[in-house]
Structure formats: structure tokens, C-alpha cells
Amino acid sequence: MITRILNPEREEDINYAGELLRNGKLCAIPTETVYGLAANALDGKAVKEIFEVKGRPSDNPLIVHISDISELKCLVKEVPEKAKKLMEAFWPGPLTIILPKTDLVPYATTGNLDTVAVRFPENEIARAVIKAAGVPLAAPSANISGEPSPTEFKYVYEDLEGRVPAVIDGGDCAVGVESTVITLATKKPRLLRPGGITPEMIESIIGEIDIDKAVTEQMQQGAKVSSPGMKYKHYSPDCSIIIADISFEDYVKLINESDCDGALCFEGEEKFLNKKAVTFGKCYDGLSQAHRLFSALKELDELGLKKVYARCPQKRGVGLAVYNRLIRSAGYSFYRPESKVIGLTGTTGSGKSTVCKELKDLGFKIIDCDKLTKSGIYEGECLKELVNFFGSGITDENGVLVRKNLAAVAFKTNENTKKLNEITHPYIMAKIRSEIEKYKESGAKFIILDAPTLFEAGADKLCCKIISVVSDKELRLRRIMSRDNITKESALLRINAQKSDEFYTEKSDYVIKNDGNVEALFESVQRIAADVVR
Ligand code: AMP
Ligand code: MG
């Protein structure tokens, strides 16, 4: 079979794709998530061909794509209120909703289920093709089953050339991972697959949802799964991947000193590594990781790598979707350290100390960085360097630091403050490292690094996971005023000088939102603690 490459900018090419699809043939199309291998969703015979070309197990159902809400009527029996709300909020876009199907939808499309998965894509080309076809399109990822999904045209062509009559070259996919899948055919909405639309976004529209266990964990063999796709091998390159759920500093050591032949790391990290590295987006940035993940997996094989350690994405926001794909491509294999350092940070007055105390009660070892920086830093070599720069006026006649003298010069100009940090920073980090080592040697498994300026100091690189505590401004204001016995004005000054909540939350693995309810606070601490120690 000769595979025609279609140009989406030419109307006749879009019409040709529509005609093929209407006549029961296949065509690969771009969408905002990944490329899809499309067929008429209402034509059981055409749909069966998708399964054949992809080598996809026949009980793994397909998502049906529409180009207008009005097309829903022929696919689903009814649209409950919550589904309507989600459609209003996120369609067109990367969200798939599962509902009871009508008789018009063949069982070949739904893998024999009485429910159908529907999505209204945002990609203009996808919508134009659906319109041109005049029928809804079933379209799983346009790759051979089990391999990474294609997000660039070249990979679609590589996999499907000679197997399908046409492929549309629509450039790179914007999101980069498949759509979020949620079922509303159950009593409580349940997330079956994470994607570009995050659980947090969904919950802000319809309230609490369940997240299927299979999203973050390997299901036992033979276990019943809510979504057939969850049980199959997925996204696997030839290269074997092991997820290194460790701090960046430990990761650098692992790559440089172990027998692996490469790294799957975040952008900018490769310069610290002495082996070949493929990057997948930026650290703390799920969106950019999603965009790059599947191509990065392909590149591992293109470089001929056999064994790499991968950095571990955050299990929240879009990061959850990346984590979900990566654990599958790694065959659920993890490199697990003997001990873990967990960073704890957040805004002043947010309740960080309460959280810290609770963690201590739960058996975590605590390193209080505030305390650490107040003692034993401003002496010896560090003090010498400070005197060299700021002059001997910062010490008394015995050569001991006079804090208020140092503060007077160091905070006089921004440049001086910067210099102060430059000088003290390496000593503080060394001190933290040695505290961590001490705990590790004593056999501690879980160590909390309690640091208000965790990110600013770069101490996040020492952490395997990061918890941040944030809370409502009003609440913080009241807390600071009573804790430090200060006026509203000075409390406000302090709060306003702080970084925003987002500064903390976007870089964190766990976010505790403290709204003043102590029970709820303890509950979230316990939930996080349980997840961290697994
Ligand atoms: P893919 O076509 O590779 O994007 O996969 C579609 C995903 O949606 C698979 O994981 C399916 O198992 C899931 N899915 C589709 N339809 C249903 C359904 N009716 N019930 C549960 N899961 C479904
Ligand atoms: Mg797929």
C-alpha cells in the first residue's frame, strides 16, 4: 500500500482524508494530544482495521472524536449535569468523558463495553477532518501498540508507512500526552487516565473525584481494572528505564558512578552528567515534560542506549500524566534509595511548624535549617571571607561576629546582600549536607529538611520530594500577629515581602493547603507521610 502524505493547509487534502474515512478507510491525523489513527467510529469493520494495523488488543476500547457538541446525541444515552459542566469548562480540549453508549456505537469501538469514551479535540486540523468525514472518528494513538505514542509527524510516518492509505502532516502536538480520561458512568466520577486537564482543574468544576489506583500504581496480575487499557504494556522503548526517585544531587552521583549508559533527565541537568543524556522538559514544569516525553523515549533508542535512569516527575498537575506514562515505559521499575530527604517549605504563618511537629511525631527526623544557619556558620573560614569583604567592623575586639554590624552593611545595598549570600551559601549547604550524612549514618530513613528558603538556597537539589504548606492570607496575618505579637501593619509588610503561593506550589510534590482546620491538616500530613514512605 502506498501511504499518501497529506498537507492540512490544502482543502482538497482535508476533503480527501474525509472521503477515505467516510468510506471505511484509515487515516492518521494530528490532535493536540498525540497523533491519532482514525476510522469511522460507527463502522465496526473500519474500526477492526485500526486494531489490526496497531496490533492492539481488541478489548482495549477507542476514544470517539467529535467536532461539535451536537454530535454527542447519536453516541451517548444521556449527559448528566457534571458531564455538561466539564464539557463547558474543557471542551474543545484534551479531556475524554465516558458515558453509557447508544446502540449506534458498535461494540468493536468500545471493546465490548456498554459505555463509550468521547472527546471534542481542540486541534483545528482534527476538527476539520471530522467535519469533512461527516462521521465521528475513533482514533487511538497512531503507533504500533506498546510503543511510545507519536507526537511528531516523522514517527507516525515511520510506524505507519505502507500500512494505511494516508497520513496528515500536522507538525508537533501541543500537549504531548494522551487526553485525560474520566468516567461519569460510575456513581462518583473517576479519573482513569491523567492528561493535560489535571485532577485539580476537574475538581474545581465538579468537586471531589476518585483517582483510579492504576494511575500511579502497578495492578496485580489478573486484577479487575476500570479501564481495559490500564492492563497492557505501554509506551516502552527498547532501552530499559529505571526511575530514580531521588534528589538531583544523588541522581548526578548515580549516573556518573553507576553502570548505566545514559540519563533521561530535565533540561539543563545534562551538563552535570558524564554520560549521554536525553532531556524531557524542565524540572518542576509538567507541561514542558509532557510535551517532550514520548519523543525523548524514542531518542533513547535512536542513541542506542540500553539502560538509563530517569528523573522522577511530580505526581501532581500535568506532572501526574507524565509520571503515569513514565512508570509504564519503565515497566514500573524504580531505583529506591535507602533514605530519603524530604524538603518542607512554605509561606510564613502558613502552619509549617505544625506540619513539622506532626511529621516528627510520625517518626521523621527533622533538620531545622533556620536554627542551623544561626549557629556555627559565621565563624572560621566563612567569617574570614566575610571580614575580607565587609571589613573588620563586623566583628568585636575578640574577632567574634557582631550580627547587627554585619546586618547594617550587608543589607545596605542589594549588591552587598547578594555578596553575603554568595559567601555564606556554600557553608550553609555544607552544613546541611553534613547534618543529612549524620542522620543517614545513624540509620534514619526519612529526613525532613525544614527550610523556609529551600528553593532560594538551592537546597531543593538535596531533596527527593518536597512538601509545601500554604494558607490563606487572612489566616496567616492573624497567626503572625499573635505568634510574634506585632501589629497588623508589620505583619502585612512581612507577608507582602514573601513569594506568592505559586512560587512554592509549582515546585512541590505535595501541597498542604491549611485552612485552619487542624483535623484536616493532620489528615493531609498523614496521607502525604504514607505516600512518601512507600
Ligand atoms: P488510547 O486510544 O490509546 O488513547 O486509549 C484510550 C483509553 O481510554 C484506553 O486506556 C481505554 O482503556 C480507555 N477507554 C476508552 N473507552 C473506555 C470505556 N468505555 N471505559 C473505560 N475505559 C475506556
Ligand atoms: Mg495508545
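The values are calculated or read from the model by the stated rules, or taken from the named source; none is laboratory data. What you see is a predicted model, and the numbers here were worked out from it, not measured in a lab. Cβ coordinates were reconstructed from backbone atoms using ideal geometry, including for glycine residues, and neighbour counts include every protein chain displayed. These area figures cover heavy atoms from the full protein model, side chains too; ligands, DNA and RNA do not enter into them. Shrake-Rupley method; radii C 1.70, N 1.55, O 1.52, S 1.80 Å.
Being among the acidic types (D, E) and open to solvent by less than 20 Å² (accessible area, probe 1.4 Å) is the filter here; which residues of segment 224-254 pass it?
Step one: list which residues in segment 224-254 are among the acidic types (D, E), which gives 238, 245, 249-250.
The one that is among the acidic types (D, E) and open to solvent by less than 20 Å² (accessible area, probe 1.4 Å): D245.
Those residues that are within 23 Å of G458 (Cβ to Cβ) and exposed (fewer than 12 other Cβ atoms within 10 Å of the Cβ), I need them from segment 408-423; list them, please. Please lay out each step first, then the result.
Residues of segment 408-423 that are within 23 Å of G458 (Cβ to Cβ), as a first pass: 410-411, 413-423.
Across segment 408-423, the qualifying residues are F411, T413, N414, E415, K418, E422.
Quick test for you: out of E124, E152, pick the one residue that is more than 16 Å from ligand 1 (Cβ to nearest atom), modelled with pLDDT of 95 or more and more than 16 Å from V177 (Cα to Cα). Step through it out loud before you land on a result.
On the way: E152 fails: more than 16 Å from V177 (Cα to Cα).
Answer to the check: E124.
For segment 461-509: of the residues being open to solvent by 30 Å² or more (accessible area, probe 1.4 Å) and hydroxyl-bearing (S, T, Y), which is nearest to M429 (Cα to Cα)?
Checked segment 461-509; the qualifying residue nearest to M429 (Cα to Cα) is S500.
For segment 171-186, give me each residue that is part of a loop (DSSP other than H, G, I, E, B), of a type outside the set (A, V, I, L, M) and either crowded, with 24+ Cβ neighbours inside 10 Å or within 12 Å of ligand 1 (Cβ to nearest atom) (or both). First the steps, then the outcome.
First pass over segment 171-186, keeping only residues part of a loop (DSSP other than H, G, I, E, B): 171-179, 184-186.
Okay, now just the ones that are also of a type outside the set (A, V, I, L, M), so 171-173, 176, 178-179, 186.
If the condition is that a residue be part of a loop (DSSP other than H, G, I, E, B), of a type outside the set (A, V, I, L, M) and either crowded, with 24+ Cβ neighbours inside 10 Å or within 12 Å of ligand 1 (Cβ to nearest atom) (or both), then C173, G176, E178, S179, T186 are the ones that fit.
Specify which of the listed residues (P194, P136) is touching a strand residue (DSSP E or B) at 6+ places or on another chain (Cβ under 7 Å), more than 16 Å from ligand 2 (Cβ to nearest atom) and not β-branched (V, I, T).
P136
Quick one: how many residues across segment 110-136 are hydrophobic (A, V, I, L, M, F, W, C) and more than 19 Å from E12 (Cβ to Cβ)?
6
Scan (1) within 16 Å of ligand 2 (Cβ to nearest atom); (2) open to solvent by less than 60 Å² (accessible area, probe 1.4 Å); (3) under 30 Å from R10 (Cα atoms) for the single condition R163 breaks and write down its number.
It fails just one condition, (2).
Looking at segment 118-144, which of the residues that are surrounded by 24 or more Cβ atoms within 10 Å (Cβ to Cβ) and of a type in the set (G, A, S) is nearest to G18 (Cα to Cα)?
A133
Could you please find all residues in segment 339-374 being within 26 Å of R479 (Cβ to Cβ) and polar (S, T, N, Q)?
Listed by number, the residues that qualify are T345, T347, T348, S350, S353, T354, T373.
For segment 412-439, how many residues are touching a residue at least 24 places away in the same chain (Cβ under 8 Å) and within 18 Å of E385 (Cβ to Cβ)?
Step one: filter segment 412-439 for residues touching a residue at least 24 places away in the same chain (Cβ under 8 Å), giving 416, 419-420, 423-425, 427-429, 431-433, 435-436, 439.
Still in the running and within 18 Å of E385 (Cβ to Cβ): 416, 419-420, 423-425, 427-429, 431.
Matching residues across segment 412-439 total 10.
Within segment 429-448, does at least one residue satisfy the condition of being assigned to a loop (DSSP other than H, G, I, E, B), open to solvent by less than 60 Å² (accessible area, probe 1.4 Å) and at pLDDT below 90? Before the answer, list the steps.
First, pick out the residues of segment 429-448 that are assigned to a loop (DSSP other than H, G, I, E, B): 442-445.
Filter once more, keeping what is open to solvent by less than 60 Å² (accessible area, probe 1.4 Å): 443-444.
Of the ones still in play, those that are also at pLDDT below 90 are none.
No, segment 429-448 has no match at all.
Consider segment 145-159. How many of its residues are more than 10 Å from ligand 2 (Cβ to nearest atom) and surrounded by fewer than 24 Cβ atoms within 10 Å (Cβ to Cβ)?
Residues of segment 145-159 more than 10 Å from ligand 2 (Cβ to nearest atom): 151-159.
When the remaining residues are screened for being surrounded by fewer than 24 Cβ atoms within 10 Å (Cβ to Cβ), the result is 152-155, 157-159.
Here the count works out to 7.
Mind counting the residues in segment 500-517 that are touching a residue at least 12 places away in the same chain (Cβ under 8 Å) and not in a loop (DSSP other than H, G, I, E, B)? Steps first, please.
Of all residues in segment 500-517, those touching a residue at least 12 places away in the same chain (Cβ under 8 Å) come to 501, 503-516.
Then keep just the ones that are not in a loop (DSSP other than H, G, I, E, B); that gives 501, 503-505, 510-514.
So the answer is 9.
For (1) of a type in the set (D, E, K, R); (2) away from ligand 2 (no atom under 16 Å from the Cβ); (3) at pLDDT 95 or above; (4) touching a Cys at 6+ places or on another chain (Cβ under 7 Å), each residue gets a yes or a no:
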| position | (1), (2), (3), (4) |
| --- | --- |
| A223 | no, yes, no, no |
| S226 | no, yes, no, no |
| Y235 | no, no, no, no |
| I242 | no, yes, yes, no |
| D245 | yes, yes, yes, yes |
| F248 | no, yes, yes, no |
| K253 | yes, yes, yes, no |
| S258 | no, yes, yes, no |
| F266 | no, yes, yes, yes |
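Of everything in segment 388-407 that's open to solvent by 60 Å² or more (accessible area, probe 1.4 Å) and part of a helix (DSSP H, G or I), which residue is nearest to V341 (Cα to Cα)? Spell out the reasoning first.
From segment 388-407, those open to solvent by 60 Å² or more (accessible area, probe 1.4 Å) are 388-389, 392, 397-398, 400, 403-404; that's our starting set.
After this cut, where a residue has to be part of a helix (DSSP H, G or I) as well, the list is 388-389, 392, 403-404.
Working: N388: 35, F389: 34, S392: 38, R403: 31, K404: 33 Å.
Filtering first and then ranking leaves R403.
In segment 20-32, which residues are in contact (Cβ under 8 Å) with a residue 40 or more places away in the chain and either more than 16 Å from ligand 1 (Cβ to nearest atom) or open to solvent by 50 Å² or more (accessible area, probe 1.4 Å) (or both)? Walk me through how you get there before you give the answer.
Within segment 20-32, the first condition is being in contact (Cβ under 8 Å) with a residue 40 or more places away in the chain, and the residues that meet it are 20-22, 25-32.
If the condition is that a residue be in contact (Cβ under 8 Å) with a residue 40 or more places away in the chain and either more than 16 Å from ligand 1 (Cβ to nearest atom) or open to solvent by 50 Å² or more (accessible area, probe 1.4 Å) (or both), then L20, L21, R22, K25 are the ones that fit.
Could you run through segment 54-90 and say how many residues are within 13 Å of ligand 1 (Cβ to nearest atom) and open to solvent by less than 20 Å² (accessible area, probe 1.4 Å)?
Of the residues in that region, 7 qualify.
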